[in-house]
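The values are calculated or read from the model by the stated rules, or taken from the named source; none is laboratory data. Just so you know, these numbers come straight off a predicted model, no measurement behind them. Here the Cβ positions follow ideal geometry from the backbone for every residue, glycine too, while neighbour counts run over all protein chains shown. Accessible surface areas use protein heavy atoms only, side chains included; no ligands, DNA or RNA. Shrake-Rupley method; radii C 1.70, N 1.55, O 1.52, S 1.80 Å.
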Amino acid sequence: MPVRTRVAVIGAGPAGLLLSHLLGRHGIESVVIDSRSREEIETTIRAGILEQGTVEVLSETGASDRVLTAGRKHEGIELRFDGEGHRIDFAATVGRAVWLYPQHEVLKDLVAARLAAGQDLRFGVTAERVEDAETNRPRVVAKDAEGDTVEIEADVVIGADGSRGVAREAVTGSHGGCFREYPFAWFGILCEAPPSAEELIYSNSPNGFALISRRSPEVQRMYFQCDPATDPEAYTEERLWEILRSRVPGITLEEGPVFQRDVLRFRSFVAHEMRRGRVVLVGDAAHTVPPTGAKGMNLAVADVVLLTDALRALLLDGDASLFDAFPETAQKRIWKAQHFSWWMTSMLHLQPGASDFDRMRQIGELRSVVESDAGRAYLAEGYTGLPLG
């Protein structure tokens, strides 16, 4: 017999879990499934720069207390170019901040909160397809860990299952979306070392981009621009540190053993459709951004905040107006975030084949930002987050 619920959520990532949490506050039941185990969800290390609006949603709704106690509040970043650093003061410029709090920590908090609330949260259940999207009772057909079929019938199905999930196919079919692939990637490392700086450093250098970030007092995260085809094992540790030092002239890096390395490709995508009938896409299922502007998880949260209001009106009041308008409303913010991410990326990275003109124009752009109140304000506003509504 099919499982019956109000909202079926495919994907126990930040979007799916937060949506179930916010719906639960309105008394709207949901079932959340994910093909991964709880351990995999909670231990896969991912970056996390949270906009102030995201932090407020997590803390004020009871989804996470640790985001304020364990997360690190940052009131600025440093832009480096021509061997000099320029601090963008978020607090002084726009009165806002960001928090460094990794995504897997957010997921630990959300999983714990949902299970404590009695959420029907099913790990190891893989969605195979979504059926009857155009009806008032769409269905998710899935397989559990034992290979048995599970059917979930709902009033609404939410695809929060990422860029390779089945929900996107159910909504967009072969229509796809707007896509851009960038000609460079980030080579990321995790190392055992004290922090090299109190705030994040975004460095534009003649040798390429680098980002000096942090995870904890003992573990640091750093990235440098590389070719997308780079083999993560291609460099010795000595060579990794040599490259990083060359990208941040004037900064003394705290070095230590590298225990994780990966190559992160840069892609931008926005689905042509975010809804088909009673099936809706949120988060990475609907859009992806390059990591330069730190928008990925924050965009998912913005989707969910909007969709919660739409689902509450639809399912509790019988008013479909917000639900019908959700794709257009959400995409206005999504495209602003896409532009900000593209702008930060193009301003900071060395473009393949760039001429002297291209290089000097880029430096001129950076100077226009750091030497202008309006330029600093634009960067600070975009980085700390546009309004969620």
Self-check item: Selection count where residues are assigned to a helix (DSSP H, G or I) and in contact (Cβ under 8 Å) with a residue 60 or more places away in the chain, scope segment 345-366
Solution: 7
Exercise. Name every residue in segment 1-59 that is closer than 16 Å to T126 by Cβ, touching a strand residue (DSSP E or B) at 6+ places or on another chain (Cβ under 7 Å) and part of a helix (DSSP H, G or I), in order of residue number.
Key: G16, R38, I41
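Looking at P194, P206, which is the one that is out of contact with any strand residue (DSSP E or B) (no Cβ under 9 Å at 6 or more places or on another chain) and either under 30 Å from V130 (Cβ atoms) or surrounded by fewer than 18 Cβ atoms within 10 Å (Cβ to Cβ) (or both)?
Details: P194 fails: out of contact with any strand residue (DSSP E or B) (no Cβ under 9 Å at 6 or more places or on another chain).
Of the residues listed, the single one that is out of contact with any strand residue (DSSP E or B) (no Cβ under 9 Å at 6 or more places or on another chain) and either under 30 Å from V130 (Cβ atoms) or surrounded by fewer than 18 Cβ atoms within 10 Å (Cβ to Cβ) (or both) is P206.
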Quiz item: Taking only pairs six or more apart or across chains, which ones have beta-carbon atoms under 8 Å, a first residue in segment 240-251 that is without any contact (Cβ under 8 Å) to a residue 60 or more places away in the chain, and a second residue that is hydroxyl-bearing (S, T, Y)?
Solution: I243/Y235; S246/S205; R247/S203; R247/S205
Self-check item: Unique residue being farther than 13 Å from Y223 by Cβ, out of contact with any helix residue (DSSP H, G or I) (no Cβ under 8 Å at 6 or more places or on another chain), loosely packed, with under 13 Cβ neighbours inside 10 Å and at pLDDT below 95 when the list is G173, G177
Solution: G173
Practice problem: May I ask you to say which residue of V141, V130, V106 is among the β-branched types (V, I, T), assigned to a strand (DSSP E or B) and touching a residue at least 60 places away in the same chain (Cβ under 8 Å)? | Solution: V130
Quiz item: Just one of the numbered conditions (1) under 15 Å from L190 (Cα atoms); (2) in a loop (DSSP other than H, G, I, E, B) is not true of G250; which one?
Solution: (1)
Quiz item: Within segment 305-317, is there a residue that is within 18 Å of G16 (Cβ to Cβ), in a helix (DSSP H, G or I), open to solvent by 40 Å² or more (accessible area, probe 1.4 Å) and touching a helix residue (DSSP H, G or I) at 6+ places or on another chain (Cβ under 9 Å)?
Solution: yes
Self-check item: segment 145-160: number of residues that are within 20 Å of V32 (Cβ to Cβ), open to solvent by 40 Å² or more (accessible area, probe 1.4 Å) and assigned to a loop (DSSP other than H, G, I, E, B)
Solution: 3
Quiz item: Considering only strands (runs of 3 or more DSSP E) fully contained in segment 161-225, which possess at least 3 residues that are touching a Pro at 6+ places or on another chain (Cβ under 8 Å)?
Solution: 177-192
Exercise. Test A63 against the stated conditions and say whether it is within 9 Å of Y101 (Cα to Cα), out of contact with any Asp or Glu (no Cβ under 6 Å at 6 or more places or on another chain) and in contact (Cβ under 8 Å) with a residue 40 or more places away in the chain.
Key: no
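Let's see how each residue does on (1) more than 16 Å from G118 (Cβ to Cβ); (2) among the hydrophobic types (A, V, I, L, M, F, W, C); (3) open to solvent by 10 Å² or more (accessible area, probe 1.4 Å):
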| position | (1), (2), (3) |
| --- | --- |
| H21 | no, no, yes |
| H26 | no, no, yes |
| S35 | yes, no, yes |
| E40 | yes, no, yes |
| I45 | yes, yes, yes |
| Q52 | yes, no, yes |
| V57 | yes, yes, yes |
| E60 | yes, no, yes |
